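Below you'll find the structure I mean.
The values are calculated or read from the model by the stated rules, or taken from the named source; none is laboratory data. As the structure is a prediction and not an experimental result, all values here were calculated from the model. Reconstructed Cβ throughout: ideal geometry from the backbone, glycine too, with neighbour counts over all protein chains shown.
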Amino acid sequence: MVFWLIIGALTLATILVLARQMLRPRNDENLTDGDATRLSSDMKVYRDQLNELDRDVARGTVTAQDADRARVEISRRLLEADKAAQAKARPTDAPQTISQVTIALCAILLATGAFGLYWVLGSPGLQDLGRDKRIAMSQEMRESRPSQAEVEAEMPPWPGPPAEAPADYLDLIQGLRDAVAKNPDDVRGLDLLAQHEAALGNMIAARKAMGHLLEVKGDAATADDYVRQADLLVNAAGGFISPEAEEMLRNAMARDPNHQLARYYTGLLFAQNGRPDMAFRLWRGLLEEGPETAIWWTSVRSQIGSLAAYAGVDYTPPEAPTRPAAPNLSGPSADDIAAAQEMSEEDRTAMIQGMIDQLSDRLATEGGTPEEWARLISVLGVVGNTERASAIWDEAQTRFKDHPEALTTVRDAARQAGVAP
């Protein structure tokens with residue numbers, strides 16, 4: 001309401017100023033006292049010069065020929081002064097009716113144009129949100145968001161393991177579950193269970209195992225442990241960062257303030273709760289720090305432009321690196337999967353193993369990107385071949401020892417597969 005009152009008052013004031021100028025009556029005598037005095041003085045001087053010129057001719061001090069030339073010039077100036085005085089005194093008022101219609105049209109155009117432009121380009125229904133009020137609303141939003149349990153209750157239930165998961169691998173996972181149930185405080189067992197439940201897409205079970213692992217580790221838990229649990233909580237909640245996930249991020253940042261994945265998720269937390277300014281500051285540092293191969297880099301780069309706009313910052317993100325097209329590592333096609341359903345257990349296992357061998361041979365002979373090495377280790381972990389995954393991880397450490405950013409990508413996959421600390 002205050003905004004509309006201010007805009008209405010400014011519009012009315014503008015219209016009144018224009019109306020006063022257009023409707024002000026004018027006299028036929030438009031000369032000010034100063035103008036009239038100056039013009040009268042000029043004309044008197046010119047007349048006096050003409051009279052003096054006649055006297056000079058009579059006295060013989062000026063020749064008749066010179067006097068004629070001077071008389072022409074003085075007469076010209078006298079005429080110009082008289083013309084200027086008449087122009088100033090000429091009435092300039094337009095008819096009163098035309099002036100009134102014109103000012104009415106101007107008033108309507110100015111008012112409707114201003115409000116119409118704001119209606120199209122502005123936000124008429126939006127309340128006045130100053131900086132302090134926006135921060136308070138953000139804090140309220142953050143404090144009133146649902147818990148992890150409430151969000152998980154709204155998520156669809158886990159549909160079960162992927163259809164392409166080998167039966168022997170699922171048997172191993174079930175054996176791991178039984179072993180952890182018998183020895184619930186076994187650190188290695190909990191670690192593996194959290195990894196493989198996540199690999200199967202069973203995020204709730206994975207975050208429960210990881211949560212118990214944090215309890216068992218206690219003060220020995222690292223920043224990576226807390227970020228790992230935060231990642232599981234976020235995935236279990238469909239990308240939403242709950243208060244429980246925020247607590248994990250807070251613990252991780254307390255142990256390692258520069259932890260990149262923790263900073264990424266913290267920026268996402270601010271973006272979800274109406275603080276694009278803080279999210280932008282965190283993500284800008286991440287984006288410019290790199291590496292470009294980090295799992296969060298592409299996501300940050302694609303979203304930071306809108307964050308900068310909301311934060312009121314003119315920012316151009318760095319160019320995306322040009323990389324050669326990576327081979328398709330997404331696994332078998334839909335036709336392959338359909339065909340695999342008709343295979344025997346031995347044939348299905350052989351098919352999956354053949355794909356693994358093909359990728360492994362190509363990486364050994366031709367090399368590949370860090371993402372390809374990470375994918376191979378992940379697949380080996382899923383099928384339960386941890387011995388071979390460990391061997392690939394050892395080879396990757398040698399190959400990428402001079403490229404710490406690439407090694408980080410592979411290490412993440414090795415941790416998920418349970419072959420790296």
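Within segment 201-237, can you find the residues that are in contact with a helix residue (DSSP H, G or I) (Cβ under 7 Å, 6 or more places away or on another chain) and outside any helix (DSSP H, G or I)?
Within segment 201-237, A221, T222, A237 meet the criteria.
Yes or no, residue by residue, for (1) at pLDDT 80 or above; (2) in contact with a Cys (Cβ under 6 Å, 6 or more places away or on another chain); (3) closer than 30 Å to E244 by Cα; (4) not in a helix (DSSP H, G or I):
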{"position": "A107", "(1), (2), (3), (4)": "no, no, no, no"}
{"position": "L126", "(1), (2), (3), (4)": "no, no, no, yes"}
{"position": "P146", "(1), (2), (3), (4)": "yes, no, yes, yes"}
{"position": "A149", "(1), (2), (3), (4)": "yes, no, yes, no"}
{"position": "A153", "(1), (2), (3), (4)": "yes, no, yes, no"}
{"position": "P156", "(1), (2), (3), (4)": "yes, no, yes, yes"}
{"position": "P162", "(1), (2), (3), (4)": "yes, no, yes, yes"}
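Quick one: would you say Y169 is in contact with a helix residue (DSSP H, G or I) (Cβ under 9 Å, 6 or more places away or on another chain), more than 29 Å from L268 (Cα to Cα) and of a type in the set (F, W, Y)?
So Y169 passes the test.
Name, by its number, the condition in (1) buried (at least 22 other Cβ atoms within 10 Å of the Cβ); (2) free of Cβ contacts under 8 Å to residues at least 24 places away in the same chain; (3) within 24 Å of the chain's Cα centre (by Cα) that does not hold for P257.
Only one criterion in (1) buried (at least 22 other Cβ atoms within 10 Å of the Cβ); (2) free of Cβ contacts under 8 Å to residues at least 24 places away in the same chain; (3) within 24 Å of the chain's Cα centre (by Cα) is unmet by P257, namely (1).
Follow-up. For G305, state whether it is surrounded by fewer than 16 Cβ atoms within 10 Å (Cβ to Cβ), closer than 30 Å to D219 by Cα and within 20 Å of the chain's Cα centre (by Cα).
On the way: surrounded by fewer than 16 Cβ atoms within 10 Å (Cβ to Cβ): yes; closer than 30 Å to D219 by Cα: no; within 20 Å of the chain's Cα centre (by Cα): yes.
When the stated conditions are applied, G305 does not pass them.
On to the next question. Restricting attention to segment 351-386, and to residues there that are surrounded by 13 or more Cβ atoms within 10 Å (Cβ to Cβ) and over 43 Å from the mean Cα position of the chain (by Cα), which single residue is modelled with the lowest pLDDT?
Among them, the one singled out is M351.
Please go through (1) farther than 24 Å from T369 by Cβ; (2) assigned to a loop (DSSP other than H, G, I, E, B); (3) among the hydroxyl-bearing types (S, T, Y) for T293 and return the number of the only condition it doesn't satisfy.
(1)
Separate question: Any idea how many residues of segment 90-101 are part of a helix (DSSP H, G or I) and modelled with pLDDT under 75? So that I can check it myself, show each step before the final result.
Initial filter on segment 90-101 (part of a helix (DSSP H, G or I)): 96-101.
Next, only the ones that are modelled with pLDDT under 75 stay: 96-100.
So the count comes out to 5.
Kindly establish whether L249 is in the same structural domain as E215 (by TED's automatic domain parsing), hydrophobic (A, V, I, L, M, F, W, C) and under 30 Å from A220 (Cα atoms).
Yes: the conditions hold for L249.
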